[in-house]
1. So for the stretch 45-55 (the condition being within 16 Å of the ligand (Cβ to nearest atom) and exposed (fewer than 12 other Cβ atoms within 10 Å of the Cβ)), does at least one residue qualify?
2. Under the condition of being open to solvent by 90 Å² or more (accessible area, probe 1.4 Å) and in a loop (DSSP other than H, G, I, E, B), which residue from the stretch 24-41 is nearest to the ligand (Cβ to nearest atom)?
3. Within the stretch 8-23, identify whether any single residue is within 12 Å of the ligand (Cβ to nearest atom), among the basic types (Lys, Arg), without any contact (Cβ under 8 Å) to a residue 40 or more places away in the chain and within 24 Å of Glu122 (Cα to Cα), and answer yes or no.
4. Looking at Arg20, Arg13, which is the one that is exposed (fewer than 10 other Cβ atoms within 10 Å of the Cβ), over 19 Å from the mean Cα position of the chain (by Cα) and not assigned by TED's automatic domain parsing to the domain that holds Leu120?
5. When Asp72 is evaluated against the numbered criteria (1) more than 26 Å from Ile112 (Cα to Cα); (2) open to solvent by 40 Å² or more (accessible area, probe 1.4 Å); (3) part of a helix (DSSP H, G or I), which criterion, by number, is the only one it fails?
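The values are calculated or read from the model by the stated rules, or taken from the named source; none is laboratory data. Everything numeric in this text was worked out from a predicted model, so none of it was measured. No Cβ is skipped: glycine too gets one built from the backbone with ideal geometry, and neighbour counts run over all protein chains shown. Calculation scope for accessible area: heavy atoms of the full protein, side chains included, ligands and nucleic acids excluded. Shrake-Rupley method; radii C 1.70, N 1.55, O 1.52, S 1.80 Å.
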Amino acid sequence: MSSLKVDRAQALRKMSELLRAGAMMLSDTCPQCGLPLFKLRSGEVVCPIHGRVYVARSEEEVEKFTLIGVLDSVEDVVVSKLAEMRRGIEQKGLDEDLIRRVIGLLEVIERIERIKREVLSERRSEGSLSSRSQKR
Ligand SMILES: [Zn+2]
């Protein structure tokens, strides 16, 4: 479940849809699946599979997006752990120890979500990158 295998047929279908909609294929590739990225008419950059992609324009952004990538993968692990525990609950029922562990995992997810929100909103508050260039 943790593999990021891409359904090629689905990817191709989605790519042709994007092109038909007037999107432009970029030379950049998705950091998650390696597919080419597309620029929509709205200016948004998307991956055919993963949807909106954040393209880093500075070292600082590279760091932020690396952090988000790491958080995402930790979250995946936690979610699959929860799914595993659900099977345990179905078999053995809930005991106090299990409840504590479930709560612990949910807290991890909550914190990850919060950090991601903070990191991404920091970026938004910097303003539109295309219209405001920072001079030093
Ligand atoms: Zn992708």
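1. Kept after step one, since they are within 16 Å of the ligand (Cβ to nearest atom), are these residues of the stretch 45-55: 45-55.
Now narrow it down to the ones that are exposed (fewer than 12 other Cβ atoms within 10 Å of the Cβ): 51-52.
Yes - at least one qualifying residue is present in the stretch 45-55.
2. Step one: list which residues in the stretch 24-41 are open to solvent by 90 Å² or more (accessible area, probe 1.4 Å), which gives 24-25, 27, 31-32, 41.
If we keep only those that are in a loop (DSSP other than H, G, I, E, B) too, we end up with 31-32, 41.
Working: Pro31: 8, Gln32: 4, Arg41: 20 Å.
Among residues in the stretch 24-41 that are open to solvent by 90 Å² or more (accessible area, probe 1.4 Å) and in a loop (DSSP other than H, G, I, E, B), the one nearest to the ligand (Cβ to nearest atom) is Gln32.
3. Applying the first criterion (within 12 Å of the ligand (Cβ to nearest atom)) to the stretch 8-23 yields 10-11, 14-15.
Narrowing the set further to residues that are among the basic types (Lys, Arg) leaves 14.
Subsequent filtering for residues that are without any contact (Cβ under 8 Å) to a residue 40 or more places away in the chain retains 14.
Next, only the ones that are within 24 Å of Glu122 (Cα to Cα) stay: none.
Looking through the stretch 8-23, none of the residues is within 12 Å of the ligand (Cβ to nearest atom), among the basic types (Lys, Arg), without any contact (Cβ under 8 Å) to a residue 40 or more places away in the chain and within 24 Å of Glu122 (Cα to Cα).
4. Exactly one of Arg20, Arg13 is exposed (fewer than 10 other Cβ atoms within 10 Å of the Cβ), over 19 Å from the mean Cα position of the chain (by Cα) and not assigned by TED's automatic domain parsing to the domain that holds Leu120, namely Arg20.
5. (1)
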